[in-house]
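Note sheet for the following structure.
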Amino acid sequence: MIIEYDAVCSKCKGTGLYKGLCERGYVAVVCYSCKGTGCNHVHIEYEPFRSRAVRHNIDHVVECNPGIIIGLGGSLTIDDIGGMPYSTWLEGKSFPAKSEMRKFVCPAWWYQLQDYKLKPDWDECDCFGSTFSSCTKFKHKGQCWNRWDNENIKDSK
């Protein structure tokens, strides 16, 4: 299926001229998005969704990737990376409690990516403005996970 339409260019608001931080005073440049027309032609080709396709080369699903290389093999186990079997995920089941990648990340790191509303905002976290792994509590992240579990009882049952 194809959808096509003309839309007001969102970059220049239909003027064909762009004025950003580098264009000062009464100077503008021709809009890079619409090439000065003020109009963007949108062309979308798509296949209508009927049902989720099955991936035959997947055995395990993790809820999100915190930016590290993950996979099973070598010395890594399912307990190390968390998640759930692909077949369970396909059935539409929720990720089980404590299925985060707890061996490698702290609750703040994990929930910043997975569900920001659940990210802890603790005074003890001293990674803000830096990296999570630079937090002085990071090497004791098991204690942070215990606290997170206690504060999020519905997820720790």
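Just so it is clear, none of the values below were taken in a lab; they were calculated from the coordinates. All values reported here derive from a predicted model rather than from experimental measurement. Please note: Cβ atoms are built from the backbone with ideal geometry, for glycine as well, and neighbour counts cover all protein chains shown.
Odds and ends about this structure:
- Taking Cβ separations below 4.7 Å as the criterion for a possible disulfide partner, the isolated cysteines in the chain are C22, C39, C64, C106, C125, C144.
- Compared with the dominant principal axis of the Cα atoms in the chain, helix 141-151 is inclined by about 80°.
- Surrounding net charge for H41, when Lys and Arg each add one and Asp and Glu each subtract one, Cβ distance under 12 Å: -1
- q = 0.18 Å⁻¹: log10 I(q)/I(0) that the Debye formula gives for the stretch 2-45, counting C-alpha atoms only: -0.51
- Overall, the chain carries a charge dipole of about 220 debye about its Cα centre when +1 sits on the Cβ of Lys and Arg and -1 on the Cβ of Asp and Glu, all other atoms neutral.
- Checking [x] 2, 9, 18, 21, 18, 13, 8, 5, 3, 2, 1, 0, 0; [y] 2, 9, 15, 14, 14, 11, 10, 9, 8, 6, 3, 1, 0; [z] 1, 7, 12, 13, 10, 8, 8, 9, 11, 11, 7, 2, 0 against the coordinates, the calculated P(r) over Cα pairs in 5 Å bins from 0, in percent falls under label [z].
- Net charge of Cβ neighbours under 15 Å - reference G14; Lys, Arg +1; Asp, Glu -1: +3
- The residues neighbouring Y86, those whose beta-carbon lies less than 15 Å from its own, together hold a net charge of 0 under the Lys/Arg +1, Asp/Glu -1 convention.
- Within the same chain, aspartates and glutamates fewer than 8 places from K11 are excluded, and of the rest, those with a Cα less than 20 Å from its Cα are E23.
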